[in-house]
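Accompanying notes for the structure given below.
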Amino acid sequence: MEEKREMEGDEGNSAKSQVAGIGYEETKLKLAPPCSSASRAGTEHHDRKRRRDLSVESPEDPQNPRQRNGGTEGVREIEGDEESSAESQVSGSGYEETELKLAPPCSAASRAGTEHHDRKRRRDLSVESLGSQASRHGKPPAAKAPVVGWPPVRSYWKNTLRSRTFVKVAVDGTPYLRKVDLETYGGYRELLTAVQAMFSSCFTIDNGNRLVDLVKGTEYLPTYEDKDGDWMLIGDVPWKMFVSSCKRLRLMKSSEAVNLDATSSSS
Amino acid sequence: MTYFPEEVVEHIFDFLSSHRDRNIVSTVCKAWYRVERLSRRIVFVGNCYAVRPGRVMARFPGMKCLSVKGKPHFADFNLVPHDWGGFALPWIEAAARGCPGLEELRLKRMVVSDESLELLARSFPNFKALVLVSCEGFTTDGLAAIATHCRGLRELDLQENEVEDHGRQWLSCFPDSCTSLESLNFACLKGEVNAGALERLVARCVNLRSLKLNRAISVESLARMLARTPHLVELGTGSFTVEHRAEAYQRLIHAFRKCKSLKSLSGFWDVAPRCLQSIYSICPNLTVLNLSYAPAIQGADLVKLIRHCFKLQKLWVLDCIRDKGLAVVASTCQELQELRVFPSDIYGTGTAAVTEEGLVAISSGCSKLNSLLYFCHQMTNAALITVAKNCPHFTRFRLCILDPGKPDPDTNQPLDEGFGAIVRSCKDLRRLSLSGLLTDKVFLYIGEYAARLEMLSIAFAGDSDKGMVYVLNGCKNLRKLEIRDSPFGDAALLENVGKYETMRSLWMSSCDVTLGGCKALAAKMPRLNVEVINDRDESDEMEENPSDMHKVEKMYVYRTLAGARNDAPEFVEIL
């Protein structure tokens, strides 16, 4: 029975078991013996608590089509409901408790046709949060993989608030920095226009797309710090690539930029 | 009473403001039924599939205001597949045929096509108000039709809809002769709007009291509009990106100072903390403040703002306000009735933003609090017990601990006792959402004490069928029950089947209910629609005849007079 499940779990290719194979890659883990009332008694409460434990990161997740819903796959520990009536067993709700993150079926026969659907339904509570019980295996807990529809916030709101790409904008010679959300802009021109609006007292954009302080005549060069910590000139890479790699913006006075060039080329 | 002339009976019925009361009097006798139905002006349909549109129009020919709700609540969280249903068109068609005097239409969680909006625009000469909440399926072309044809439109209120942008011209479709607008809300539109046309529209609608702009409207434009609408009561700002030394900003401050009637503020996308100062002059008058779209404002700036808002009754805010900020709210906003704290960092671990401490602080300062939606990282029983004692007036209590099934961090116990205290203390509780680690015990408490409970939301809770049964047997006013990821199966489902006819609906997803159980329910209760909703990617893999033991992924049960609906997609099976 367990071997059968292992095999199905490994068949990451067939559609059925892909859907069904949620978390069954955890065959790498030790399996606890399947349900037995003795093992359940007295651990009921504890197991209920662990039911929501985080699950283990599965290396085959990226292939799993459920990824888009549940992110990293894992198996929710299911509480055995030995205290419920026989009817619930008949109804197929015979959950088993396991020590680890696998839930071998209690009676494979009755579940034959429903097995893969059940497995599909095991919730992947790979939600990362404070204080939650970490994986027992020394692996890092599943990272940032949301359960479908959890937390219960409207997707409309989530999308509106999604912007996490605030970066600081510094302009040489001004006393304070600002922050912009890169995702709200469609391209470089929009970004520079917005920055210009923020620091309108400092400079404006001339025809050549350069930032110029009309009063003093100093020219500003838009630069940004990328993920590697290097200072780059804005505009070389495609916009989306820029958005994903930009950590902060700095509008340097051209005169300083020349110096920077000289020093950075040596590092 | 039957000896009174009908006019007198009708006049008496005028004093009945609630739908429920009017529904009840209509069942007393035929005469009253007749008087009531002919005099009913406001009709509320809580589930669009509970009754056929034509029947509603036939019964209430004098209807002026119609409200209809479509998808189940969990559709908000992507738990209902996209094409499940909830179409507005049949309702608009039926109204066009049967109630051409319709003046107001309110739709929630429905699919509204441009075609339906066009039909709406042309069919009701007295049409005055359109309110769409959490709807989808239409574009700005549909809005153009409304703007063009609805003479005398007073209200166009679009709240959190998914609207496809087909260009900015729709707003220009309001004719120059349109001066009747009192409320305009297009905050949910993503695209640009013709700012000039908007400013002119706002200027000529002298009765405008509520204006909620979308993100595309600049501060300059806002300042100009505010200067023309000093009597505005509700304002949703557009984008608040402005350099604080800019002239536009100065004009804005000046305009705000003149708006002595402003009571409600929202919007504030992209606002720089410094620019919040512009509204300090209005804060002392504010009763409603919605900052839930402003992640850039951190706790300290929020607090500075809130210190000015001592008349606040409703506050929606992000959890970056932190516990300390909530303490300031507690000491400043003594009139607070509704608080919503939304999570700003949904997926990341982040730092704990608000905890039980913030809630306890609020409860000790804001004794009038009756409505709560609180997303937090942790909660304790002790805190909930304190909150229950401090605030016995809750009518809506929704707590969402972000980590599903998390116990009390101090004691490692489930939160049964905490929620138990809430339901025991808050005798008027009508709506409750649970979270955290919970056993069957919490449902025992709910069944026993939550006598007025109408809506209950359960997620990742309970141990056995007993939990659900406690609720079904206990809460006699229960109307909506929605459950996800909880171990309730057929035994619970079938324990009290008559109950479902007293309720609007039951939703169960990722529970232990099987196809056999659903079939049994459908067989026993012909006046319920039992819908089994399969995930679309699954339905190809579904066997031809799934066994009855097969567990059902999503089930939606509702009472209905209309029988099985004929617009269900193929992944929905109606038993």
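Bear in mind these aren't lab numbers, they're just calculated from the coordinates by the rules spelled out. Please read all numbers here as calculations on a predicted model, not as lab measurements. Positions of Cβ are generated from backbone atoms using ideal geometry, with glycine treated the same way; all protein chains shown enter the neighbour counts.
Computed from the Cα positions only, the extents of chain B along the three principal axes stand at 69, 62, 60 Å, in decreasing order. Extending 7 Å from the Cα toward the beta-carbon at both residue B:44 and residue B:162 defines two label points whose distance is 2.7 nm.
What is the distance in Å between the Cα centres of the range B:347-420 and the range B:23-95? For the range B:347-420 versus the range B:23-95, the Cα centre distance is 36 Å. Per-residue extension of 0.36 nm, minus the Cα-Cα distance of residue B:15 and residue B:78, leaves a gain of 18.6 nm for this segment. Summarised as an ellipsoid, the range B:371-509 has semi-axes of 23, 17, 12 Å, derived from the eigenvalues of the Cα gyration tensor scaled by 5 and square-rooted, with the largest first. Computed from backbone phi, the HN-Hα couplings of the range B:207-218 come to 8, 5, 10, 9, 9, 10, 8, 9, 5, 7, 7, 7 Hz, rounded to whole numbers (Karplus: 6.51 cos²θ - 1.76 cosθ + 1.60, θ = phi - 60°; Gly and Pro given as x). Taking square-rooted eigenvalues a ≥ b ≥ c of the alpha carbon gyration tensor, is the range B:462-570 rounded, prolate or oblate, where a/c under 1.5 means rounded and, failing that, a/b exceeding b/c means prolate? Oblate. Near residue B:266, the amide H atoms lying under 5 Å from its own belong to B:235, B:236, B:237, B:290; only residues 5 or more places off or on other chains count, and H is placed 1.01 Å from N.
In this structure, the pairs whose alpha-carbon distance is over 19 Å, taken from B:311/B:368; B:212/B:324; B:311/B:389, are B:212/B:324; B:311/B:389. In order along the range B:151-164, phi translates into HN-Hα couplings of 5, x, 5, 9, 9, 10, 10, 10, 10, 6, 9, 9, 10, 7 Hz, rounded to whole numbers, per the Karplus curve 6.51 cos²θ - 1.76 cosθ + 1.60 with θ = phi - 60° and x for Gly and Pro. Remark: mean inter-chain Cβ contacts per residue of B:509-522 equal 3, using a 10 Å Cβ-Cβ cutoff to other protein chain atoms. Rg and Dmax over the alpha-carbon atoms of the range B:485-539 stand at 11.4, 34 Å. Compute the FRET efficiency between residue A:193 and residue B:451 as 1/(1 + (r/R0)^6), taking r as their Cβ-Cβ distance and R0 = 51 Å, and round to the nearest 0.05. The pair residue A:193/residue B:451 has a calculated efficiency of 0.30. Summed over qualifying helices (DSSP H, 4 residues or more, each -39500 (n - 2.57)) and divided by its residue number, chain B shows a 222 nm mean residue ellipticity of -9000 deg cm²/dmol. Take every pair of alpha-carbon atoms less than 8 Å apart whose residues are at least six positions apart; their mean separation over the length of chain B yields a relative contact order of 6 percent.
For the range B:267-331, chymotrypsin sites (Phe, Trp or Tyr not before Pro) are listed when DSSP marks them as loop and at most 16 other Cβ atoms sit within 10 Å of their Cβ; the list is B:280, B:310. In this structure the amide hydrogen of residue B:101, modeled in the peptide plane, comes within under 5 Å of no amide hydrogen from residues 5 or more places off or on another chain.
In this structure, the amide hydrogen of residue A:221, modeled 1.01 Å from its nitrogen in the peptide plane, lies closer than 5 angstrom to those of A:252, A:253, A:254, counting only residues at least 5 positions away or on a different chain. Model label sites at residue A:239 and residue B:31, defined 7 Å from Cα along the beta-carbon direction, differ in position by 7.2 nm.
Number of Lys-Lys pairs in the range B:451-539 with C-alpha atoms under 20 Å apart and a separation of 8 or more places or on different chains: 7.
Between residue B:261 and residue B:310, the contour length at 0.36 nm per residue exceeds the alpha carbon distance by 16.1 nm.
Couplings 3J(HN,Hα) of the range B:247-255, computed from phi: 5, 4, 5, 4, 5, 5, 4, 4, 5 Hz, in residue order, whole Hz [Karplus 6.51 cos²θ - 1.76 cosθ + 1.60, θ = phi - 60°; x for Gly and Pro]. Applying 1/(1 + (r/R0)^6) with R0 = 41 Å to the Cβ-Cβ distance of residue B:561 and residue A:157 gives a FRET efficiency near 0.75. Given a Förster distance of 56 angstrom, what is the FRET efficiency for residue B:192 paired with residue B:496, based on the Cβ-Cβ distance and rounded to 0.05? Here the calculated transfer efficiency is 0.55.
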